[in-house]
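Below is one structure, written out as structure tokens, with a few remarks after it.
The values are calculated or read from the model by the stated rules, or taken from the named source; none is laboratory data. If you're wondering where the values come from, they're calculated on a predicted model, not measured in any experiment. When we count neighbours, we look across all protein chains shown, and the Cβ atoms used for this are built from the backbone with ideal geometry, even at glycine.
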Amino acid sequence: MSRARAITPLATPTMRRALSDPALLGDVLAGDSWRAWRILLIAMMGEPLDDEERVIFKALTGREREPLERVEEFWGIIGRRGGKSRAMAVLIVFLACFVSYQSVIAIGERPVVLCLGQNSKQAAIVYGYVAAIIESKPLLAKLIRTKLAETLSLTNGVDIEIRAASFRGVRGITAVAIIADEIAFWYSDETGSANPDSAILDAVRPSLATTGGPLIAISSPYARRGECYATWARHFGEKGDPRILVAQGASRALNPSLPQSVVDRAMERDPAAASAEYLGQFRSDLEAFIAREAVEACIDRGVFERSPSDNAQYVGFVDPSGGSSDSMTGAVAHRQDGLIVLDAVREAKPPFSPESIAKEFASFFLSYRVKKVRGDRYAGEWPREQFRKWGVDYEPAGKPKSELFGDLLPVINSRRAALLDDGRMVSQLTALERRTSRGGRDSIDHPPGGHDDLANAVAGAISMLVSDEEPGMIAFYRQQAEAWTAQGAHPRDVVVPLSEMVTLRGQHPWQAASGRSGREYRTDDDCLMTVARDDAQALIGAGFTLVSKEIASC
């Protein structure tokens, strides 16, 4: 079925004309500061560029020439304040108001322009721009049939809607355009989400199949994972599919009016974060902490809780909460036959009364004969007071959260844990991120917008049972660094012979990784990389798979 042709009551202009005519869209992206966006919009619609415009187009896309046909997908990986939401709103207005879909829409269907975000509030940003542009133009304002908080219906039959990104909630529509806002921050397969970005895109792409409408994904970059990073790795530059256009640029490359001083101050505060926020670069300091495969290998399927045993000696850990935003969680575990066994977990979701939940948790711990628990050392005095009322002593943990997670990693990777079949726990564990600070120090935390309350309680209980002879990840690295310093050489500086290297496969092209030695690696276009044998075991535990014990032939 052919693409929809422009046969609307409104005369259908080219994108170039619409962007130059003040009566249409010419004053929305006017001036030199919007020139780069105008060039991208013209190219996306399959229109030709001139030689000067191609120089800017190449700088942003890595491609010598424009596609000369409407693209099926556009991915804009642009720094913060780069104007991407406003620019894509112009594209949506053009597609919704100037293009007719009568020839590809069945009787009873209403074509939809779908604005998706991690939540409805995020999706409303582009929607707000779209509504404002249409209302500001007398020629377009007359197309408004009804305007609601989340739907703008036009008299030409097109509805512009807001929805939260969910693979269950976007099926069954006929879409003429879909915009995925800040997609780099959607949950991905690597984070173990039950609603990953890949599933959402798989659900929405068929809705565009009969209309020929574009999928528009925009975001400032984040971690080197997920659909945003994978699409950039596959399709940025000349190697990419000509129908999938990927643009990448710093904030000031797309919005020169942004003061350079804003960027400079951000770079001084945190170069890694600012490189993503303002320079449009994926962060190299963020990596997935625990591989989902490693966690699932430790799960006792079908076991949701273990009853107390007279022969076990239990420990308990609690992650307190004031009851307004975070969950309060607890976990009980014991040692058995060389394994650390997770017996039970509890989670109280907000809002709740801390006093009443403390009573419930105290009863939970006492049912396992746990009369002394450890917990978050930053929780203040109230947990100690409340638990004491119900016969349980609360002791602040001697380690911060990052070190508790560090103790957990080798236990999981070596399958020395017997975990419960708890999907929420698994999702939180596999979503954890390892961040490297500018001083080289590792910290482990949940991703933006995520939670780790249940994971923290589980890690705390397991850490209490890790013997003194098992230092955990962070302590292990510290001991290794001290030993290397004493020896006067660091393994990453030692040339590794080819005979001592093996081939691993990653999850996507150009995936970055660091070995225990400190050497840095990156997968190639085929997701393969060669690593030193002494780094292989840790990388396999982090989600890479062994391809061969020798280097793959080129």
>> Given the condition more than 24 Å from the chain's Cα centre (by Cα) and closer than 30 Å to residue 145 by Cβ, answer yes or no: does some residue in the range 182-199 qualify?
In response: no
>> When you check residue 385 against the structure, is it among the acidic types (Asp, Glu), touching a Lys or Arg at 6+ places or on another chain (Cβ under 8 Å), surrounded by fewer than 21 Cβ atoms within 10 Å (Cβ to Cβ) and assigned by TED's automatic domain parsing to the domain that holds residue 297, yes or no?
In response: no
> (1) more than 27 Å from residue 266 (Cβ to Cβ); (2) free of Cβ contacts under 8 Å to residues at least 24 places away in the same chain: which one isn't true of residue 73, the others all being true?
Replying inline: (2)
>> With the structure loaded, tell me whether residue 107 is surrounded by fewer than 19 Cβ atoms within 10 Å (Cβ to Cβ) and either under 29 Å from the mean Cα position of the chain (by Cα) or without any contact (Cβ under 8 Å) to a residue 60 or more places away in the chain (or both) or whether it fails that test.
In response: yes
>> Considering only residues that are surrounded by fewer than 20 Cβ atoms within 10 Å (Cβ to Cβ) and closer than 15 Å to residue 388 by Cβ, which ones fall in the range 355-375?
In response: 355, 359, 363, 366, 371, 372
> For the range 385-407, how many residues are in contact with a Gly (Cβ under 8 Å, 6 or more places away or on another chain) and either within 17 Å of residue 431 (Cα to Cα) or of a type in the set (Asp, Glu) (or both)?
Replying inline: 5
>> Looking for something in a loop (DSSP other than H, G, I, E, B), at pLDDT 70 or above and polar (S, T, N, Q) - is there at least one such residue anywhere in the range 522-537?
In response: yes
> Is it true that some residue in the range 200-214 is under 20 Å from residue 40 (Cα atoms) and either crowded, with 22+ Cβ neighbours inside 10 Å or in contact with a helix residue (DSSP H, G or I) (Cβ under 6 Å, 6 or more places away or on another chain) (or both)?
Replying inline: yes
>> Checking residue 250 against (1) of a type in the set (Gly, Ala, Ser); (2) within 30 Å of residue 538 (Cα to Cα); (3) touching a residue at least 40 places away in the same chain (Cβ under 8 Å): exactly one of these is not met. Which one?
In response: (2)
> Wholly within the range 394-510, which helices (runs of 4 or more DSSP H) include no fewer than the required count, namely at least 1 residues that are modelled with pLDDT under 55?
Replying inline: 472-487
